[in-house]
Amino acid sequence: MTLLWLAFAVLLLPALWLMVAPLRRAAALRAAQRDFETQDRTAEQNVAIYQRRLASLEAARDRGEIDAPRFEEDRLELERSLLDDTAALERPPLKAAAAGKLLVPVLMVALVAASVVWYRLEGAEGDLALYRVQQEVAADPEASLPMLVQRLEEQAARQPDNPNVWRSLFPLYRDSGRVAEADAALSRLLELEGRRPWLLAELAQLRYFAADRELTEGVQALVDEALAADPGQPTVLGMLGIEAFENGDYQAAIDNWRRAIAGMDDPASAEALRQGIQVARQRLSQTEETAGAEGPGIRVRVSLAPALADRVADDTAVFVVARDLAGELPPLAVARTTVGELPLTLTLDDGDAMAPMARLSQVEQARLVVRVSESGQAGPRPGDLFGRHEVVAVGATDGEPVEVVVDRVVE
């Protein structure tokens, strides 16, 4: 930073020299002006011209060419013209060569002060400090990511209103798993730069993954705000594609990812989404192949134990899953409902298969697991409720249903 201020000083020197230069020439200019005024003969020439014209008028009067009133009128006009020319030649007295010299240093100080204040207000001193820190860490062979984060945090403490500091810190926090700090950095950016769609999208995505890929109310609010300002916001659309894919809505995932690619500038991210679209198309094709395929199945009656009824809300997701006894295949059939629908009787068959290579019609017996998931995910999590039936025959679906009671808690 010292070099920067020295550079500013060097740039100011020519301006200060231009302000001092007139003082150095003041004495010579005054002497030249005084000599000019001393040698000026314009007034004498005007008087001579007046006298010649007056003599001409008198001669004309004596010859009888003009009468006395006309002579007096022309003479007065000559006198007025002489007075006007003489008044225009009057000059104020010359000031001393050193007059006003005290004003110059005052202006010089004012120029320097104004330059410093202007740079403090409008300059990029903070960004230069940030750049210097990044270059120093990059040039240090022993530097590490924690060291860079620490140096940037020091800059954030010194210049908390500089958005470039928080913009540099956010990806470092995010990539190192410091979700709370990354969230705080993005929130600070929103305060400084306003609720820009890309910032809202980054915050929504961060909180979505922090909530274990759950589209919470807070995340949904950020998504709605970002899409209202920018319907083609690629980060939000990519995240919605992930949510749709994990919920088995492959067509929605494809649609969201295609719209996201249209607004992306990063070729690597766009290529990743294209690969995701290919997988989603395969899953969609497999789902369409198994749609409407019934075959042998299992009728299930699902209920919730009264002792656990107060632990979950009516809109909590309930997954009814049939698996092979050995546990070697993917789920053979999956159905989803909610706690509010219980008790419920439903039928699992090949139409509920997740993949064509794993269907209920391929086995003679299966085991049933019913899971109440507050997270909305089918995988078990601590606090989830569940019930099971270990061995169930796969066959006709018009008999008595198999009873499965959700009466246990995942530890």
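The values are calculated or read from the model by the stated rules, or taken from the named source; none is laboratory data. Every value quoted in this text rests on a predicted model; they were computed, and no experiment measured them. Here Cβ is always computed from backbone atoms with ideal geometry, including for glycine, and neighbour counts include all displayed protein chains. Side chains are part of the model used for accessible areas, which takes the heavy atoms of the whole protein and leaves out ligands, DNA and RNA. Shrake-Rupley method; radii C 1.70, N 1.55, O 1.52, S 1.80 Å.
Annotations for the structure displayed:
- Simple spin-label estimate for Glu58 and Ala268 in nanometres, 7 Å along Cα-Cβ: 10.7 nm
- Using distinct alpha-carbon pairs, which all enter the 1/r mean, Kirkwood radius of segment 154-291 in Å: 16.0 Å
- Ordered by 1.4 Å accessible area with all protein chains kept, Trp198, Trp166 run largest first as Trp198, Trp166.
- Accessible-area value, Arg323, 1.4 Å probe, nucleic acids and ligands omitted, Å²: 70 Å²
- Solvent exposure of Tyr173, expressed as accessible area, is near 20 Å², computed with a probe of 1.4 Å over the protein chains only.
- Once all protein chains are placed together, Met354 keeps about 100 Å² accessible to a 1.4 angstrom probe.
- Sequence of Ile298, Ile242 when ordered by accessible area, the most exposed leading, probe 1.4 angstrom: Ile242, Ile298
- Ranking by accessible area, most exposed first, for Arg371, Arg80 with a 1.4 Å probe: Arg80, Arg371
- Here each label is just a point 7 Å from Cα along the line to Cβ, and for Leu83 and Ala355 those points are 11.6 nm apart.
- Here, segment 314-411 is characterised by an Rg to Rh ratio of 0.94, where Rg is the alpha-carbon radius of gyration and Rh the Kirkwood radius.
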